[in-house]
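The values are calculated or read from the model by the stated rules, or taken from the named source; none is laboratory data. As the structure is a prediction and not an experimental result, all values here were calculated from the model. Glycine gets a Cβ as well: all are built from the backbone with ideal geometry, and neighbour counts include every protein chain shown. Keep in mind that these areas ignore ligands, DNA and RNA; they rest on the heavy atoms of the full protein, side chains included. Shrake-Rupley method; radii C 1.70, N 1.55, O 1.52, S 1.80 Å.
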Amino acid sequence: MESPKSPLQPPTYGSLITVLSIDGGGIRGIIPATILSFLESELQKLDGEEARLADYFDVIAGTSTGGLVTAMLTAPNKQGRPLFAASEIKDFYLEHCPKIFPQEHFPFSAAKNLVKTLTGPKYDGKYLHKLVMEKLGDTRLNQTLTNVVIPTFDIKCLQPTIFSSYEVKNNPLKNATLADISISTSAAPTYLPAHYFQTKDEKAGKSREFHLIDGGVAANNPALVAIGEVTKEITRGSADFFPIKPNDYGRFLVLSLGTGTAKGEEKFNAQECARWGMLSWLTHDNSTPLIDTFMQASSDMVDFHLSTVFQALHSDPNYLRIQDDTLTGDASSVDIATKENLDTLVKTGEQLLKKPISKVNLETGSNENAYEMTNEKALIKLAGILSREKKLRVMRSPHGKTPRKI
């Protein structure tokens, strides 16, 4: 099938390289979904009701639940437009999360969950797999409406496997279906089963096996991976980026969305953890401390790095990270999909829009208010920048409004 065509002209005709990045976090994907719905509504105010996020970002990256959102935003429907509007993703989560992560309520449910965690994944993943296959069908990586970057981790090779629109041009064996990629990047250890599939390159007569788990093992915050993939494409001499240089970070405009964290409260302490064995690290107070720790560390390290780089380049306004580090109780879990908790996460996303822009404190790791401007106002401003950038490229491009092939 021929790849769809993007209405966004390449960065060579503009001033910026636009990147959207969405963290992993299970059911907490509702938080960035709420943010994205607001941003898309602002773009529609400027450019019409048919405006979609895929029309404005050169690359959309997502890990785990963020990878699923990425696929939903960029997979084409029968009309060649995005399969989902951003406003539809929140309702998708509210409808399907209770079936992906069914909650059991009876006197010994905690003991049963503990046994399941020790003997296999907590959830069988059957509903998620069926749902993703139904929604995304046979759509492949090279058919997305804009470039995507979705990290996974190959448990057999013990190394990251990055599914990238840029790389697939030169590596047909990476041209997996978006369904297989989405299931793989969401396969969080202890929660959902690892995913196996094969791809084939009929022309070369080759095939490749994949043994994949959650991309959060490698990059729970995929913003840096996305920038790296663009940088590699520039280094290869792609005409889409001429005359941009590989180290020209000042040209990047990055929106990075977190899924929330419980960092604002003291979840654990050294005295408590010092007594833990493997069992406690794998399951403690309805959480999985070991998994939570390395995934949160992965997200924070990327934020630390990008914050430092953009500050050093005096390009702070080009990097907007929206994250809530005040989640408490069930809201900080990845799988407690009760109606009450899902509603709480919706409210968290709505309240996050009203909060001031925060920046990570490189000493403490906490988010601190950096500007008087709220996230809502920052997104309104960002919508204006994205709209102007898109129009600038159309004006400068010899193709005008003619869509280009990715």
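Brief remarks on what is shown
- Residues of region 242-264 that turn out to be at pLDDT below 90 and either not in a loop (DSSP other than H, G, I, E, B) or not β-branched (Val, Ile, Thr) (or both), as a count: 8
- Every listed requirement among (1) part of a loop (DSSP other than H, G, I, E, B); (2) crowded, with 19+ Cβ neighbours inside 10 Å; (3) not charged (D, E, K, R) is met by Thr70 save one, (1).
- Only one entry of Arg52, Arg28 meets the criterion of being at pLDDT 95 or above, surrounded by fewer than 24 Cβ atoms within 10 Å (Cβ to Cβ) and under 29 Å from Thr344 (Cβ atoms), and that entry is Arg52.
- Exclusive hit being β-branched (Val, Ile, Thr) and surrounded by fewer than 19 Cβ atoms within 10 Å (Cβ to Cβ), set Thr235, Thr259: Thr235
- Residues of region 265-278 satisfying the condition of being modelled with pLDDT of 75 or more and not aromatic (Phe, Trp, Tyr): Asn269, Ala270, Gln271, Glu272, Cys273, Ala274, Arg275, Gly277, Met278
- Checked against (1) out of contact with any strand residue (DSSP E or B) (no Cβ under 7 Å at 6 or more places or on another chain); (2) surrounded by 18 or more Cβ atoms within 10 Å (Cβ to Cβ); (3) in a helix (DSSP H, G or I), Tyr191 passes all but a single condition, namely (3).
- Every test in (1) at pLDDT below 95; (2) in a strand (DSSP E or B) is passed by Arg208 save one, and that test is (1).
- Selection of first residues in region 236-253 that are more than 18 Å from Phe57 (Cα to Cα) and of second residues that are of a type in the set (S, T, N, Q) and open to solvent by less than 50 Å² (accessible area, probe 1.4 Å), restricted to Cβ pairs under 9 Å at least 6 apart or on distinct chains, gives the following pairs, ordered by first then second residue: Pro243/Thr12; Pro246/Thr231; Asn247/Thr231.
- Selection of region 146-184 for residues being farther than 20 Å from Ser21 by Cα, open to solvent by less than 10 Å² (accessible area, probe 1.4 Å) and free of Cβ contacts under 8 Å to residues at least 40 places away in the same chain yields only Ala176.
- Tallying residues that are touching a residue at least 60 places away in the same chain (Cβ under 8 Å) and either open to solvent by less than 50 Å² (accessible area, probe 1.4 Å) or closer than 27 Å to Asn361 by Cβ (or both) within region 273-300 yields 10.
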